[in-house]
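Report on the structure given below.
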Amino acid sequence: MKLKVLIAAFAALFALQSGMAGAASGTSRTSDKAAATKKATSKTAVQKKAVAGKTAVKQGGARKAAAKPASRSSATKKAVAKGKAPAVKSAKRSKGAPVRASLRKAAPAALALPPATAVGEEAEASLALDANGLPVLGSSAFYVINQNSGEVLLERNGGAVLPIASITKLMTAIVVLDSGQSLSEPLVITEGDIDRLKGTGSRLSLGATLSREDMLQLALMSSENRAASALARNYPGGEAAFVEAMNVKARLLGLWNTRFHDSTGLNPGNVSSPRDLAKLVAASASYPLIREFSTAHERYVDVNGRNLRFGNTNSLVRSPEWAISVSKTGYISEAGRCLVMQTWLHQQPVVMVLMDSQGRYTRTADAKRVRKWLEQATTQRLAAAPQRTGG
């Protein structure tokens, strides 16, 4: 009996222990399952946040793209950098090539000069006036004076010292004529007359023999550089003495801004001012041969058995509308295109000096404009000056 009670007690105790262990095990499994569920829930939340973040980024990118529709992709930028795709024009201006310094000022848009044409030298030059009623010219420096009265009719940069190119040959002619050398003496073109500074050509070939008078006329009328060189080379004491005589004569004439380094004008060191050149033109007008040779239309000269025609470099001397007593043109790159003249208007000698113009026909077109302006605006002024005859 006691044994049965004891067995029953052991059985009850075992059952109680087994129940507690099962409850503990169940609790543990329930806790693990809850933890797993919580972990899964947390992971899902993280994934949802990541997805939401990506969506937000995409939406932000879309908004930026909408705000900047002209933005290019990195691939396009690379293609442009390699020159494989058209590049967008830059707002910055590229630096231009260096240009020759000049006194030239552009005319106002309303007064801009018309572009030169192939027949611009012969065509009638249009006259435009600035706000002061003065003619708009393409030359950067000019000086126009009534030689009789001394009245300055028109001036811009009259005191500017500039290269004068072949205007030099007026002084060359003065020195030759002052020297008293025989005009019939034959002079020969040699290697020393070849232009090695600017590389200009000439139809006076080596060995060509012309009289000093012919050389003088070709230098003045056709601006022949080899002729001017031969005149200086055959001066007593040679070229160096000739250039010295040119500078001495310049001082005697009061040309204080004038310097000479050669007889041709090819050397850009030959400089003067418009005011000085007006004096040089006036002095040249006192030499009958300079007046004759500088305004001759043409001359046929025998050069090594060939009869060659040489024409005047100033087309205005051939115009019946002009009465020109002295004329000389000049051009090298440093000087631009130059023209000096003594012309007669209302029986008055008017000296025109036009310097540093661009374009083949600008200097003669400027001369036409000045004449037209003088005839329209200063007729009474010119006519009132004391009259004289002759050149």
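The values are calculated or read from the model by the stated rules, or taken from the named source; none is laboratory data. Just so we're clear, the structure is a prediction, and the values are computed from it rather than from any experiment. Note that each Cβ is placed from the backbone with ideal geometry, even for glycine, and that neighbours are counted across all protein chains shown. In case anyone asks, the SASA skips ligands and DNA or RNA and just uses the protein heavy atoms, side chains included. Shrake-Rupley method; radii C 1.70, N 1.55, O 1.52, S 1.80 Å.
General observations
- Test: residue in region 292-303 that is more than 27 Å from residue 204 (Cα to Cα), open to solvent by 20 Å² or more (accessible area, probe 1.4 Å) and in a helix (DSSP H, G or I): no
- Residues of region 202-217 classified as under 35 Å from the mean Cα position of the chain (by Cα) and open to solvent by 50 Å² or more (accessible area, probe 1.4 Å), total: 1
- When region 356-378 is filtered for residues that are in a strand (DSSP E or B) and among the charged types (D, E, K, R), only 356 remains.
- The listed residue being touching a residue at least 40 places away in the same chain (Cβ under 8 Å) and either part of a loop (DSSP other than H, G, I, E, B) or farther than 28 Å from residue 207 by Cβ (or both), out of 255, 266, 308, 289: 266
- Qualifying residues in region 240-284 (those that are of a type in the set (Asp, Glu) and surrounded by fewer than 22 Cβ atoms within 10 Å (Cβ to Cβ)) - the one farthest from residue 355 (Cα to Cα): 244
- Looking only at region 311-355, and only at residues there that are in a loop (DSSP other than H, G, I, E, B) and small (Gly, Ala, Ser), the one that is surrounded by the fewest Cβ atoms within 10 Å (Cβ to Cβ): 333
- Cβ-Cβ distances below 8 Å connect the following pairs, each with a first residue in region 151-162 that is of a type in the set (Val, Ile, Thr), a second residue that is surrounded by fewer than 18 Cβ atoms within 10 Å (Cβ to Cβ), and a separation of six or more residues or different chains: 161/257.
- Pair list, Cβ under 8 Å, 6 or more apart: region 336-362 residue farther than 16 Å from residue 313 by Cβ and in contact (Cβ under 8 Å) with a residue 24 or more places away in the chain, other residue among the acidic types (Asp, Glu) and open to solvent by 30 Å² or more (accessible area, probe 1.4 Å): 345/375
- Any hit, region 262-271, residues being within 23 Å of residue 371 (Cα to Cα), among the β-branched types (Val, Ile, Thr) and modelled with pLDDT of 95 or more: no
- Filter pass, residue 199 being open to solvent by 20 Å² or more (accessible area, probe 1.4 Å) and free of Cβ contacts under 8 Å to residues at least 40 places away in the same chain: yes
- Strands (runs of 3 or more DSSP E) completely within region 84-192 that count 2 or more residues being open to solvent by 70 Å² or more (accessible area, probe 1.4 Å), modelled with pLDDT under 50 and among the basic types (Lys, Arg): none
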